[in-house]
Amino acid sequence: MTDGSKGGIIASRLRNYFLTGLIICAPVAITVWLVRSFIEWADSWVKPYLPSFYNPDNYLPVAIPGFGLLVAIVVITLVGFLTANLVGRTIVNIGESLLNRTPLVRTIYRSLKQIFQTVLQDQSSSFKTAGLIEYPSPGLWSLVFIATDAKGEIAAKFDERGLDMVAVFLPPTPLPTAGFLLFVPRQKIVPLQMSAEDAAKLLISGGLVAPDYKPLANAPPRAVVQEIA
């Protein structure tokens, strides 16, 4: 074996070792960075509003990361607990009435509240189901998240034309933080068994990370999307 071939083998092994290490280290490093960034963001929002006595950064030699996030979780949970009783619900209703009487603020508040209620309600299936639609042209398929049935005036306009439409969200790759709202005929959506989390992984990885597929035993293929709660 010549020196050149030995050098090539060594270089190939070193490259494989580097790629193996990168596969292991990169996800860990990115996860740590994202978690740290989120904790620092939460702390930067909460800690400035804490009284000096309750802020450990004022009397400890080192800052405690995540203390602001912990306080936020406790406060949110406490608000939910208080809202469950009559007194807390009355206070919340008074606060909402003040917001609803404030121009511009009421529009933002109502929209955000409706979005959170729709997404976070246990009985809601919005954005919990993924599907395929032919987009941007026939023969080309895109992965979408199924939001809800068309509602309000939009649903009425579709009903006048005899159309049963579903709102779907079409996110881009590899960062599905923005996208397009599309109204698609129900029969033209191919629902998927994969979870929304697996669909997000598929999008972020650019199609490289595909979830395992286990066909349901004796289950007929679904041609249409079921009614969304």
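The values are calculated or read from the model by the stated rules, or taken from the named source; none is laboratory data. Owing to the predicted nature of the structure, the values given are computational and were not obtained by experimental measurement. Methodologically, a virtual Cβ is constructed for each residue, glycine included, from the backbone with ideal geometry; neighbour enumeration extends over all protein chains shown. Accessible surface areas use protein heavy atoms only, side chains included; no ligands, DNA or RNA. Shrake-Rupley method; radii C 1.70, N 1.55, O 1.52, S 1.80 Å.
Values as computed for the structure displayed
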item	result
Pairs where the first residue, in the range 20-44, is at positive phi and part of a helix (DSSP H, G or I) and the second is of a type in the set (V, I, T) and surrounded by fewer than 10 Cβ atoms within 10 Å (Cβ to Cβ), C-beta under 6 Å, 6+ apart	none
Where S5 falls short, out of the listed (1) surrounded by 10 or more Cβ atoms within 10 Å (Cβ to Cβ); (2) part of a helix (DSSP H, G or I)	(1)
Subset tally (residues that are within 26 Å of K214 (Cβ to Cβ) and exposed (fewer than 14 other Cβ atoms within 10 Å of the Cβ)) for the range 174-195	2
Subset of the range 73-91 that is modelled with pLDDT of 85 or more and among the aliphatic types (A, V, I, L, M) - its residue that is surrounded by the most Cβ atoms within 10 Å (Cβ to Cβ)	I73
Filter pass, Y49 being within 18 Å of F67 (Cα to Cα), open to solvent by 60 Å² or more (accessible area, probe 1.4 Å) and more than 21 Å from the chain's Cα centre (by Cα)	yes
From A26, A42, A63, residue being surrounded by 11 or more Cβ atoms within 10 Å (Cβ to Cβ) and modelled with pLDDT of 85 or more	A42
Residues of the range 92-115 satisfying the condition of being surrounded by 11 or more Cβ atoms within 10 Å (Cβ to Cβ), among the β-branched types (V, I, T) and at pLDDT 80 or above	T102, V105, T107, I108
Pairs where the first residue, in the range 99-122, is closer than 21 Å to A147 by Cβ and the second is at pLDDT below 75 and surrounded by 11 or more Cβ atoms within 10 Å (Cβ to Cβ), C-beta under 8 Å, 6+ apart	T118/S124; T118/S126; V119/S126; V119/F127
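This table checks each residue for (1) modelled with pLDDT under 90; (2) under 18 Å from the mean Cα position of the chain (by Cα).
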site: F127; (1), (2): yes, yes
site: L143; (1), (2): no, yes
site: D149; (1), (2): yes, no
site: K157; (1), (2): no, no
site: G179; (1), (2): yes, yes
site: I189; (1), (2): no, no
site: S195; (1), (2): yes, yes
site: K201; (1), (2): yes, yes
site: I204; (1), (2): yes, yes
